[in-house]
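Each reported figure results from applying straightforward, stated rules to the coordinates on display, with no laboratory input. Worth saying up front: this structure is predicted, and the values here are computed from it rather than measured. Please note: Cβ atoms are built from the backbone with ideal geometry, for glycine as well, and neighbour counts cover all protein chains shown.
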Amino acid sequence: MNFPSKLIEGAVEELAKLPGIGRKTALRLALHLLKEESEETFQLAEALVKMRAEIKHCQQCHNISDTDICSICANPLRDRSLLCVVSDIRDVIAIENTAQYKGLYHVLGGVISPIEGIGPSDLHIDSLLGRLPNSEVKEIVLAISPTMEGDTTGFYLTRKLRDAQVRITTIARGVPVGGELEYTDEITLGRSIVERTNYGKV
């Protein structure tokens with residue numbers, strides 16, 4: 001791809017490093033920013049720099065936060081008997097958007113993946129175990145993606161939490177609402193059959 005300006009080329013190269021952004025999309029974004037009022041571009045740049053420089057991670061759950069303790073952990077209305085363990089900050093956002101969960105969270109920061117060189121010591125597992133003594137937690141919900149790495153992480157956690165005197169549950173797995181059985185992968189469909197539930201209130 002030829003560029004009429006080295007400055008445009010530099011901007012495209014940086015934008016193209018973002019996930020899901022190819023060089024054509026990056027060029028379109030760069031040209032859009034160039035057409036906007038200078039103030040709009042400067043505001044975007046300032047917001048990104050400010051985010052990168054000032055963002056924090058909650059000292060309790062490792063969620064992203066503007067303060068040392070995130071708004072979820074600091075909220076006295078949250079159910080402190082429930083602790084949902086997730087692998088990534090994006091999972092917290094996804095679950096919160098359902099408005100169905102009112103407990104607390106713990107972000108592991110990834111999953112165990114020997115292929116990628118990620119072991120238990122690379123995750124926030126020790127801080128999870130450290131939260132339990134003298135806490136109000138009665139149930140730990142493992143909300144980890146059902147991949148091989150996710151299942152490995154879940155199995156490891158259940159072993160580490162074996163003596164924690166808390167109930168350990170996992171999110172339900174099955175066919176998505178609106179999904180067609182013929183297009184559902186065998187593992188998901190198999191789990192749906194094995195973990196079937198009563199129909200309605202029967």
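Here are the numbers:
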read-out: Residues that are surrounded by fewer than 18 Cβ atoms within 10 Å (Cβ to Cβ) and over 24 Å from LEU161 (Cβ atoms), drawn from the stretch 58-91; value: ILE64, ASP66, THR67, ASP68, SER71, ALA74, ASN75, PRO76, LEU77
read-out: Leading residue by the ranking (farthest from the chain's Cα centre (by Cα)) among those in the stretch 28-79 that are of a type in the set (Lys, Arg) and within 30 Å of MET1 (Cβ to Cβ); value: LYS35
read-out: The stretch 178-196, residues that are of a type outside the set (A, V, I, L, M) and surrounded by fewer than 10 Cβ atoms within 10 Å (Cβ to Cβ); value: GLY178, GLU180, GLU182, TYR183, ASP185, GLU186, ARG196
read-out: Residues of the stretch 125-155 that turn out to be within 30 Å of GLY190 (Cβ to Cβ) and in a loop (DSSP other than H, G, I, E, B), as a count; value: 5
read-out: Criterion (on the phi > 0 side of the Ramachandran plot, out of contact with any Lys or Arg (no Cβ under 8 Å at 6 or more places or on another chain) and surrounded by 12 or more Cβ atoms within 10 Å (Cβ to Cβ)) met by exactly one of GLY150, GLY109; value: GLY109
read-out: Subset of the stretch 88-122 [among the β-branched types (Val, Ile, Thr) and more than 17 Å from ASP151 (Cα to Cα)]; value: ILE89, VAL92, ILE93, ILE95, THR98
read-out: Residue ID - farthest from SER127 (Cα to Cα), chosen from residues in the stretch 1-26 that are more than 29 Å from the chain's Cα centre (by Cα) and part of a helix (DSSP H, G or I); value: LYS6
read-out: Qualifying residue in the stretch 43-51 (condition: part of a loop (DSSP other than H, G, I, E, B) and either surrounded by 13 or more Cβ atoms within 10 Å (Cβ to Cβ) or free of Cβ contacts under 8 Å to residues at least 40 places away in the same chain (or both)); value: no
